[in-house]
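Everything on this sheet refers to the single structure shown next.
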């Protein structure tokens, strides 16, 4: 989950610079084919890396599928290139073959890389349904010690009302721990923000550790351990276990494959959090509930058209307090509520919709207008791509029992996505709800399937 945290708006500005300041890589968008005369079946005698100025070779080696002593395969290169792109460390990845002078009918395999920026002192931002657009300052290192460890400190404040809501954050993450395929993400978050959706002051401290262990190539075991201290409520411990089947071709900008995750999490005290706790903890009270999460995604590509269908369902039996109710409305949940009205004003009463349980359904069609291009500004390497999108959003939000049609809302949307490093994508979208007859503009960061999982609650 590390790329969730790296909200860098300066990348967007780079895309619109012109003149001699931007230098594009030769060949524009890099091909998925090898750049040299690598023929399938030629035995690989050695492997060499070029361009790894800040990244240690073992970070690349563990993603490779072509091996020394085995026949070279262009299909394996396509797959390993996607794995390397998922690291979000490189703007370009190519491979070339050089005949071996020692053994006939063998080749030396040479991988060439162009690394993305590493140190980033920059503006920072976050888009949530509760606080809207938040801006601030950040200092990040995308590749600490060359080990694909990401670390970032941030300060963010609301833009409307300005300086009223504040957040201080530290994020550290990596897909490996001591050479083991154990992905981890550590988060420390201090929040001082008035939640006008739920009507309380969020004065809280959060410490969270998420783990992802690759048990098999397509099966991971998941774990989470967190503690949140919420003023006038309680200390809210959180622990959970789950699993995920992942058959996607790429975690970032997925084009084909399926993903399925199930997670069972407990939040709050293990004892009864009734009236006694409310007296002891404060007027907001403590919590004691389980969350059963199902996250399903499927993708299919035909030419430049990418079809995606996703479903996120969270059912929470137990005692859930109002300050943790789900809200649907905005680019991270339901693009038919909230947003910035076009040619009208949002109905404040209609814009607040809360519930204990939720289901978010999305069917989206993407047209790849421009594949990712490598570029450089003043020696800073990055990439970008452009996609047109259109889709359907479905929202189910309810408090007890099973949902009914009265709990369902639907909307259509369309827009433009910019695919960039660290953020995955920046989304500019217009949503339309037929029962309201009023379009609204939405601005979002990351893919919606990601921001829906980690949005502010």
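The values are calculated or read from the model by the stated rules, or taken from the named source; none is laboratory data. The structure presented is a predicted model; accordingly, all values stated were derived computationally and were not measured. Cβ: placed from backbone, ideal geometry, glycine included. Neighbour counts: every protein chain shown.
Those residues that are touching a helix residue (DSSP H, G or I) at 6+ places or on another chain (Cβ under 8 Å) and either assigned by TED's automatic domain parsing to the domain that holds residue 419 or in contact (Cβ under 8 Å) with a residue 60 or more places away in the chain (or both), I need them from segment 48-97; list them, please. Break it down stepwise before answering.
Restricting attention to segment 48-97, the residues satisfying the condition of being touching a helix residue (DSSP H, G or I) at 6+ places or on another chain (Cβ under 8 Å) are 49, 52, 54-56, 59-60, 63-66, 84, 87-90, 93, 95.
Within segment 48-97, 49, 52, 54, 55, 56, 59, 87, 88, 93, 95 meet the criteria.
Looking for whichever is touching a strand residue (DSSP E or B) at 6+ places or on another chain (Cβ under 8 Å) and surrounded by 17 or more Cβ atoms within 10 Å (Cβ to Cβ) here; the options are 427, 436. Which one fits? Steps first, please.
Working: 436 fails: touching a strand residue (DSSP E or B) at 6+ places or on another chain (Cβ under 8 Å).
Checking each option against the conditions leaves just 427.
What residue, of 89, 6, 52, 82, is at pLDDT 90 or above, under 27 Å from residue 139 (Cβ atoms), crowded, with 17+ Cβ neighbours inside 10 Å and under 25 Å from the mean Cα position of the chain (by Cα)?
Working: 6 fails: at pLDDT 90 or above; 52 fails: under 25 Å from the mean Cα position of the chain (by Cα); 82 fails: under 27 Å from residue 139 (Cβ atoms).
When all the criteria are applied, what remains is 89.
Starting from residues that are in contact (Cβ under 8 Å) with a residue 24 or more places away in the chain and either surrounded by fewer than 21 Cβ atoms within 10 Å (Cβ to Cβ) or within 18 Å of the chain's Cα centre (by Cα) (or both), keep the ones in segment 391-408 and report whichever is nearest to residue 375 (Cα to Cα).
Within segment 391-408, the first condition is being in contact (Cβ under 8 Å) with a residue 24 or more places away in the chain, and the residues that meet it are 391-400, 403, 407.
Remaining after also requiring either surrounded by fewer than 21 Cβ atoms within 10 Å (Cβ to Cβ) or within 18 Å of the chain's Cα centre (by Cα) (or both): 392, 394, 396, 398-400, 403, 407.
Details: 392: 33, 394: 37, 396: 42, 398: 47, 399: 49, 400: 52, 403: 48, 407: 46 Å.
Among them, the one singled out is 392.
Any idea how many residues of segment 141-181 are surrounded by fewer than 18 Cβ atoms within 10 Å (Cβ to Cβ) and assigned to a loop (DSSP other than H, G, I, E, B)?
Kept after step one, since they are surrounded by fewer than 18 Cβ atoms within 10 Å (Cβ to Cβ), are these residues of segment 141-181: 141, 144-147, 153, 155, 159-164, 166, 168, 170, 176-181.
Within this subset, residues satisfying the condition of being assigned to a loop (DSSP other than H, G, I, E, B) are 147, 160-161, 176, 178-179, 181.
Final tally of qualifying residues: 7.
Look through 385, 415 and report the one residue that is assigned by TED's automatic domain parsing to the domain that holds residue 254 and either outside any strand (DSSP E or B) or farther than 30 Å from residue 172 by Cα (or both).
The unique qualifying residue is 415.
Does residue 338 meet the test of being at positive phi, crowded, with 16+ Cβ neighbours inside 10 Å, part of a loop (DSSP other than H, G, I, E, B) and modelled with pLDDT under 95? Give the derivation first.
Working: at positive phi: yes; crowded, with 16+ Cβ neighbours inside 10 Å: yes; part of a loop (DSSP other than H, G, I, E, B): yes; modelled with pLDDT under 95: yes.
Against the criterion (at positive phi, crowded, with 16+ Cβ neighbours inside 10 Å, part of a loop (DSSP other than H, G, I, E, B) and modelled with pLDDT under 95), residue 338 qualifies.
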